[in-house]
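The values are calculated or read from the model by the stated rules, or taken from the named source; none is laboratory data. Bear in mind the structure is a predicted one, so any value in this text is a computation, not a measurement. Because the Cβ atoms are built from the backbone with ideal geometry, glycine has one as well, and the counts that use them run over all protein chains shown.
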Ligand code: ATP
């Protein structure tokens, strides 16, 4: 079962392709982090998933085959847009009323319980809440709709590190309790492993890397050794990034640490190493399936 699936997805604004040939399938019941530099197409992809933008090419389905934006998809997918856009002049209580009026089956008691536990004052106007409280209110209202897929555009941006941690642990609790699928975009790369178990890297409108974080980390490693051997190694394994210093080089390779050539140090990579290496090398090919993560063939090592 897929949370969402894009096939040949393209979106153009005038002469700018915001997304190009995006093909990926993300299984259900994951917390998916969507990362990429400014302008990479993250918001456009999220808007395509929730049916807010019409693709120029290809298609997107959610929850195993439902066309994005169709009435059934709208019923089962909730979206919190960037900067938690809420009616600033309304009170929290009025926002809850509005959500009840607009969404049949809105789980009012769950939303209220959640907001109470976060000590968010019901009589305060939304515009007077802190950025973190507004993000929590937007999340509570989205969860009150009992979606099967929750889409969040940069939910962590207005939050301090502690609030980010609390916000995402609340999200993870919902995932564990309800089997909900979540996709969120973020620039906070260092904390991704704590809050997500699936990664999609977008670069210049294309999917560069996608997969379960544990599998991606196990399939990559960092090798250090003689700079003179770099070209020979590049001929054998996919090298994502090369850093040189005098006679030494450090490579981030798409191969497990155990496959490093004789005489080279091999170390595991962090999620931050991995994401930054791909972002620095936007031409590295798309990886969409675990099979495409095959490592080196050690019989081909140069002597
Ligand atoms: P950021 O991290 O800065 O929020 P993003 O990865 O979410 O960026 P998008 O907002 O999807 O990127 O934008 C992708 C590209 O499409 C950018 O080049 C942007 O300028 C362009 N774009 C997005 N929306 C529009 C629009 N309504 N009109 C024209 N160009 C647009």
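List every residue pair whose Cβ atoms lie under 8 Å apart, where the two residues are 6 or more positions apart in sequence or sit on different chains, the first residue falls within the range 242-264 and is on the phi > 0 side of the Ramachandran plot, and the second residue, located anywhere, is buried (at least 20 other Cβ atoms within 10 Å of the Cβ) and not in a helix (DSSP H, G or I).
If the second residue must be buried (at least 20 other Cβ atoms within 10 Å of the Cβ) and not in a helix (DSSP H, G or I), the pairs left are 263/225.
Scan the range 183-198 for residues that are farther than 18 Å from residue 139 by Cβ, in contact with a strand residue (DSSP E or B) (Cβ under 7 Å, 6 or more places away or on another chain) and away from the ligand (no atom under 16 Å from the Cβ) and report the count.
Going through the range 183-198 one residue at a time, the tally reaches 2.
Which ones in the range 262-275 are out of contact with any strand residue (DSSP E or B) (no Cβ under 7 Å at 6 or more places or on another chain) and surrounded by 18 or more Cβ atoms within 10 Å (Cβ to Cβ)?
The answer is 271, 274.
Can residue 140 be described as touching a helix residue (DSSP H, G or I) at 6+ places or on another chain (Cβ under 7 Å), under 16 Å from residue 184 (Cβ atoms), more than 16 Å from the ligand (Cβ to nearest atom) and without any contact (Cβ under 8 Å) to a residue 60 or more places away in the chain?
yes
Of these, 69, 36, 127, which one is within 16 Å of the ligand (Cβ to nearest atom) and more than 18 Å from residue 178 (Cα to Cα)?
Being within 16 Å of the ligand (Cβ to nearest atom) and more than 18 Å from residue 178 (Cα to Cα) holds for just one of 69, 36, 127, which is 36.
Looking at the structure I just gave you, is residue 286 crowded, with 20+ Cβ neighbours inside 10 Å, under 27 Å from residue 33 (Cβ atoms) and either at pLDDT below 90 or not assigned by TED's automatic domain parsing to the domain that holds residue 22 (or both)?
no
Can residue 105 be described as over 25 Å from residue 168 (Cβ atoms), crowded, with 18+ Cβ neighbours inside 10 Å and under 29 Å from the mean Cα position of the chain (by Cα)?
no
Would you check if residue 48 is under 17 Å from the mean Cα position of the chain (by Cα) and under 19 Å from residue 153 (Cβ atoms)?
Yes.
Taking the criterion of being more than 16 Å from the ligand (Cβ to nearest atom), within 22 Å of residue 174 (Cα to Cα) and not assigned by TED's automatic domain parsing to the domain that holds residue 274, would at least one residue in the range 48-63 satisfy it?
Taking every residue of the range 48-63 in turn, at least one turns out to be more than 16 Å from the ligand (Cβ to nearest atom), within 22 Å of residue 174 (Cα to Cα) and not assigned by TED's automatic domain parsing to the domain that holds residue 274.
Of everything in the range 5-17, what is within 15 Å of the ligand (Cβ to nearest atom) and either on the phi > 0 side of the Ramachandran plot or surrounded by 22 or more Cβ atoms within 10 Å (Cβ to Cβ) (or both)? Give them in sequence order.
6, 9, 11, 14
Scan 205, 225 and give me the residue that is surrounded by 15 or more Cβ atoms within 10 Å (Cβ to Cβ) and over 29 Å from residue 39 (Cβ atoms).
225
Per-residue answers, yes or no, for (1) modelled with pLDDT under 95; (2) outside any loop (DSSP other than H, G, I, E, B):
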| residue | (1), (2) |
| --- | --- |
| 223 | no, yes |
| 228 | yes, yes |
| 236 | yes, no |
| 244 | yes, yes |
| 258 | yes, yes |
| 261 | yes, no |
| 291 | yes, yes |
| 295 | yes, no |
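So which pairs qualify, if the first residue must be in the range 152-167 and closer than 14 Å to residue 192 by Cα and in a loop (DSSP other than H, G, I, E, B), the second must be modelled with pLDDT under 80 and within 13 Å of the ligand (Cβ to nearest atom), the Cβ gap must be under 7 Å, and the two must be at least 6 apart or on different chains?
Going by the 7 Å Cβ cut-off, the qualifying pairs are 154/82.
What's the total number of residues in the range 129-151 that are in contact with a strand residue (DSSP E or B) (Cβ under 9 Å, 6 or more places away or on another chain), surrounded by fewer than 20 Cβ atoms within 10 Å (Cβ to Cβ) and not in a loop (DSSP other than H, G, I, E, B)?
0
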